[in-house]
Structure formats: structure tokens, C-alpha cells
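Scroll down for the structure; my scribbles are underneath it.
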Amino acid sequence: MIREERPGDRAAVREVEIAAFGREVEADIVDALRSDPAWALSLVAELDDEVVGHLLFSRGSHGVMTLGPLAVLPSHQRRGIGTALMHGGLARITGPVVLLGHPAYYTRFGFWPALPLGVTNQWGIEGPEWMIRGAASAGEVRFPEPFADAAPPTD
């Protein structure tokens, strides 16, 4: 089941992020964003009363939403949970969305390279992993402040 995150899910979301990425960076970003006005939508995937996946949307600059992190427990990956989170999230978000991620995965959800459209990012990443869904005017998109000191958010 895909649902919005509840306050009681915080510890489980943190565990999912750490397990999926093998480090605390993404979990720390999620925790920092909880009190940030950029926080927009946080979804969890739940199976048998256990949180097994998480997806976060936050407000970036330039009138776009940022997507990430998307995380699924390693023991539950490749079962369609990430896909269900993506569909659930994108159904709730209007307007353009940007991300840094694997093109082979995200093109399935209507994302394409953003740089040819003149949409850049704060890290200067120009490869196909810098992606957008929807239309945005040319310019630099900045992710919320908690991403500033972290490595770029790749999924």
C-alpha cells in the first residue's frame, strides 16, 4: 500500500534510506527537510505493516519540484515497490519535476534529459542523469538547502 508518511513512520523511513543507500546521507537530508518549508510530499510503501519504501518530493527553485530520494529496502527491491511509489507520487504532484537518477529507470515515468531544454542544476551536472518531467523555463534549479552540503542526490 502506498500512503502519505505519518509522524510515526520517521524511524522506519530513516532505516529504509540507510539500508537502500548504504549510508546516512540521504536519511539525514530527509530528516533535515522535515522542518524546511521546501517539504512537499513524502510517501511510504507499506507491506504487512512494515515500511519498505520511501519517496520524497520537495520544492526547488525555479518553480519546480525536486524528486529524491527514492528508496526501497534491498530485500524488497525489484518487486515494483519503487514503481508504485513513483506512480503514486507523480499522480499527486502538478508541474515540472527534476531529479538526478538513472535514465534507464526514470524515462519509464516520462523523465528526459533536462540540459537540452536549458534547465541546469546547482552542481553543474550536465549528463543524462539530470532529468525533468514536464515543462520549465530555462534556468538553474536549486535543490532545497539540506542538499547543499551533500553529494548530488542520485537514486
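Taken over the stretch 1-15, the criterion of being in a helix (DSSP H, G or I) and among the β-branched types (Val, Ile, Thr) is satisfied by Val13 alone. Look at (1) of a type in the set (Gly, Ala, Ser); (2) in a helix (DSSP H, G or I); (3) closer than 18 Å to Leu41 by Cα; (4) more than 13 Å from the chain's Cα centre (by Cα) and you find that Gly63 fails only one, number (2). When we screen Arg59, Arg34 for residues that are at pLDDT below 95, at negative phi and touching a Ser or Thr at 6+ places or on another chain (Cβ under 9 Å), the only hit is Arg34. If I ask for residues that are among the aliphatic types (A, V, I, L, M) and exposed (fewer than 14 other Cβ atoms within 10 Å of the Cβ), which ones from the stretch 82-127 would you list? Scanning the stretch 82-127 gives Ala91, Ala104.
For the stretch 121-143, give me the residue count where each residue is of a type in the set (Phe, Trp, Tyr) and over 16 Å from His102 (Cβ atoms). Don't jump to the end; show me each part of the working.
Our first condition is that a residue be of a type in the set (Phe, Trp, Tyr); within the stretch 121-143, this holds for 123, 130, 143.
So of that shortlist, the ones also over 16 Å from His102 (Cβ atoms) come out as 123, 143.
Here the count works out to 2.
Taking Pro152, is it surrounded by 13 or more Cβ atoms within 10 Å (Cβ to Cβ), modelled with pLDDT of 95 or more and out of contact with any helix residue (DSSP H, G or I) (no Cβ under 7 Å at 6 or more places or on another chain)? It is false that Pro152 is surrounded by 13 or more Cβ atoms within 10 Å (Cβ to Cβ), modelled with pLDDT of 95 or more and out of contact with any helix residue (DSSP H, G or I) (no Cβ under 7 Å at 6 or more places or on another chain). Of the residues Arg78, Arg92, the single one that is basic (Lys, Arg) and at pLDDT below 95 is Arg78.
Every condition in (1) more than 19 Å from Ser61 (Cβ to Cβ); (2) touching a helix residue (DSSP H, G or I) at 6+ places or on another chain (Cβ under 9 Å) holds for Pro103 except the one numbered (2). When Ala135 is tested against the conditions (1) touching a Pro at 6+ places or on another chain (Cβ under 9 Å); (2) modelled with pLDDT of 95 or more, the lone failure is (2).
Can Pro128 be described as in contact with a strand residue (DSSP E or B) (Cβ under 8 Å, 6 or more places away or on another chain) and at pLDDT 95 or above? Against the criterion (in contact with a strand residue (DSSP E or B) (Cβ under 8 Å, 6 or more places away or on another chain) and at pLDDT 95 or above), Pro128 qualifies. Residues in the stretch 66-81 that are over 16 Å from Leu41 (Cβ atoms) and not β-branched (Val, Ile, Thr) were compared, and the one that is surrounded by the most Cβ atoms within 10 Å (Cβ to Cβ) is Leu73.
Residue-wise test of (1) surrounded by 17 or more Cβ atoms within 10 Å (Cβ to Cβ); (2) β-branched (Val, Ile, Thr); (3) touching a residue at least 40 places away in the same chain (Cβ under 8 Å); (4) under 15 Å from Gly89 (Cβ atoms).
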site	(1), (2), (3), (4)
Pro7	no, no, no, no
Ala12	yes, no, no, no
Glu17	yes, no, yes, no
Gly22	no, no, no, no
Pro37	no, no, no, no
Ser42	yes, no, no, yes
Ala45	yes, no, yes, yes
Phe57	yes, no, yes, yes
Val64	yes, yes, yes, yes
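The values are calculated or read from the model by the stated rules, or taken from the named source; none is laboratory data. Predicted model, so just to flag it, every value in this text is computed and none were measured. In this analysis, Cβ positions are derived from the backbone assuming ideal geometry, glycine residues included, and neighbour counts consider all displayed protein chains.
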